[in-house]
Amino acid sequence: MEGQQEYEDFTGGFGFPLFGLAIAQHYGLPTSGLDVTDRLDVALFFGLMRFDKPAGRYRATYSRQTEFESMPVLYLLFPPEQHQFEYERYRAAGFPRGRPDAQSARFMHMGWGHADNACADRIFLALYLDPEGDYGRIPSPGQLFPKGADDPFGHFLEHTDTRSFPEAFKQVLDKGFYTVA
């Protein structure tokens, strides 16, 4: 694949820090970036579904929500190309496919330093959704959150023994990382 780096060069390359942040963000860990997608059906999934993750657990569920405190909204963004991180471009040869691929994900890295919400400056259009609207087929959680061999990195995180980790790191994992039941 054009632009793809060999694994041996991956950790020292320009893309490694961004790839690390993008993967962390996409698996629910806190970063200064934002996950976005170029697929309307994926955006509708996240706009219309309810996310539930019990405290201290890594398993979450998504279910169709029909009652909202406010209308769900999809934002169409127009970021400069240099602020978008494409997983394919920086994925090391041999690094497994998984959740980002299933969701056609991109990572926007526009929140550094004093530009805490530079993504908001790139909103082109806001689409407010009728929660009871018929949006056709939207993907199922199983399609967007692959399991096991279809998401080896998620499987690795899910089965990592964290007992010897520092308490602060365990708390970050408990609050952030999740898989879908």
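Summary table
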{"read-out": "Lys, Arg +1 and Asp, Glu -1 on Cβ, resulting dipole of the chain about Cα centre, debye, nearest 20", "value": "440 debye"}
{"read-out": "Cβ-derived FRET efficiency at R0 35 Å, residue 78 paired with residue 174, nearest 0.05", "value": "0.45"}
{"read-out": "Rough spin-label spacing in nm, given labels placed 7 Å along Cα→Cβ, for residue 63 and residue 128", "value": "2.7 nm"}
{"read-out": "The chain - mean residue ellipticity at 222 nm from DSSP helices (-39,500 (n - 2.57) per run, n ≥ 4, rounded to 500)", "value": "-7000 deg cm²/dmol"}
{"read-out": "Taking 32, 63 and counting other C-beta atoms within 10 Å, the order from fewest to most", "value": "63, 32"}
{"read-out": "Sequence-separation-based contact order of the chain, relative, with Cα cut under 8 Å and 6+ spacing, percent", "value": "33 percent"}
{"read-out": "At least 20 Å along the helix axis (C-alpha) and Kyte average at least 1.6, DSSP helices within the chain", "value": "none"}
{"read-out": "Rg [Å, one decimal], Dmax [Å, integer] - the stretch 73-154, C-alpha atoms", "value": "15.9, 43"}
{"read-out": "Cα pair distances of the chain binned at 10 Å [whole percent]", "value": "8, 32, 39, 19, 3"}
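None of the figures in this text is laboratory data; all of them are computed from the coordinates on show. What you see is a predicted model; the values in this text were computed from it and never measured. So basically every Cβ, Gly included, is an ideal-geometry build from the backbone, and we count neighbours across all protein chains shown.
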